[in-house]
Amino acid sequence: MSGLLVLRPGALTTVQDLGRPGYAHLGVPRSGALDSGARDLANRLLGNPPDAAVLETTLDGVTLRALTPVTVAVTGAPCAVRVCGRPAAWGAPVRLRAGAELDVGRAESGVRGYVAVRGGFRVPPVLGSRSTDLLSGLGPAALTCGTPLPVGTPGPDSIRGADTLRVPGPPAELVLPVRLGPRADWFTAASLRTLLTSAYRVSAASNRIGLRTEAGPPLTRRRAGELPSEGMVLGAVQVPPDGLPVLFLADHPVTGGYPVVAVVPEGPPLDAAAQARPGTRVRFVGA
């Protein structure tokens, strides 16, 4: 079999690609790489198409053995990269001979790293995507020791991958532009000003489903009672009973019953949210 073998899966390593947009009416979350910019950079380094599947690591990386000669690239959270114990390039193509061990180390800053392979990881797709969805359980399971990872055949353009790419670093402060609504009218005018002028911190309870905040002023409702469940979108800022905003990320549920005070538009700020460590300062600003 051509591909790689997992020797050390790390805290949480999953297969991710562009995700499954368009299935919310069936109750299927979007999923996909949390830091889409880092995913795209890794694939561009190798000349892969944008929908090629990559690995998404969490905090402490992953160790893989090449079963056949392959070329890989590591982006996302900066980290040490080693091949057979020797330093190798981060953010650039790295050739592995058969039997070579690739060690992607602990994130020096940020949270999530991305490992691409020329040809892409060819795990079986589900609903058109190879992404692992931790909320619904669709897609391949999170990697474990001994998991084989088949690799696809590189396309004719893959030899023209970039040699280097400029990669932005993880944020020291997370600034999230928001558009108020659709349930901003459930909150007092003072709370809306609070949202746009106060600072919060990223909570350790954050995950692929959502970025939770802490250590900031709670938002106060002007309307009591329950809100019927309604559709949720990527980037929605939901406010649970404790009043502290929660930013929905790629594995978010398709419906929710707490009011959404604002939405962060898709783009680089959501990529930055994927790399924000617990304790990182968070501010919401008008888009």
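The values are calculated or read from the model by the stated rules, or taken from the named source; none is laboratory data. It should be emphasised that the depicted structure is a prediction, and the values quoted were computed from it without experimental measurement. Using ideal geometry, Cβ is built from the backbone for each residue, glycine included, and neighbour counts are taken over all protein chains shown.
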Requested in this report: Could you tell me whether G47 is outside the structural domain of A273 (by TED's automatic domain parsing), in contact with a helix residue (DSSP H, G or I) (Cβ under 6 Å, 6 or more places away or on another chain) and in contact (Cβ under 8 Å) with a residue 40 or more places away in the chain?
Outcome: yes
Requested in this report: Output yes when any residue across the stretch 264-274 is touching a helix residue (DSSP H, G or I) at 6+ places or on another chain (Cβ under 6 Å), in contact (Cβ under 8 Å) with a residue 40 or more places away in the chain and more than 24 Å from L12 (Cβ to Cβ), and no when none is.
Outcome: no
Query raised in the report: Going by the conditions given, is P253 under 29 Å from G225 (Cβ atoms) and in contact (Cβ under 8 Å) with a residue 12 or more places away in the chain?
Result: yes
**Report entry** Number of positions in the stretch 185-208 that are of a type in the set (S, T, Y) and more than 21 Å from the chain's Cα centre (by Cα)
**Finding:** 5
Query - Any hit, the stretch 221-238, residues being under 24 Å from A77 (Cα atoms), among the polar types (S, T, N, Q) and in contact (Cβ under 8 Å) with a residue 24 or more places away in the chain - result: no
Requested in this report: Mind listing whichever residues of the stretch 6-35 are farther than 17 Å from V117 by Cβ and touching a helix residue (DSSP H, G or I) at 6+ places or on another chain (Cβ under 6 Å)?
Outcome: L34, D35
Query raised in the report: How many residues are touching a Pro at 6+ places or on another chain (Cβ under 8 Å) and either loosely packed, with under 14 Cβ neighbours inside 10 Å or outside any strand (DSSP E or B) (or both) if we restrict to the stretch 93-108?
Result: 4
Query raised in the report: Can you name the residue in the stretch 231-287 that is among the polar types (S, T, N, Q) and surrounded by 15 or more Cβ atoms within 10 Å (Cβ to Cβ) and is also farthest from the chain's Cα centre (by Cα) among such residues?
Result: Q238
Report task. Answer yes or no: is there a residue in the stretch 79-102 that is under 17 Å from T14 (Cβ atoms) and of a type in the set (G, A, S). Result -> no
Query raised in the report: Scanning for something surrounded by fewer than 22 Cβ atoms within 10 Å (Cβ to Cβ) and closer than 17 Å to L134 by Cβ, does the stretch 211-221 turn up at least one residue?
Result: yes
**Report entry** In the stretch 229-261, the residues that are at pLDDT 95 or above, in contact with a Gly (Cβ under 7 Å, 6 or more places away or on another chain) and among the small types (G, A, S)
**Finding:** A250
Report task. Could you check, for the stretch 132-149, whether at least one of its residues is modelled with pLDDT of 95 or more and charged (D, E, K, R)? Result -> yes
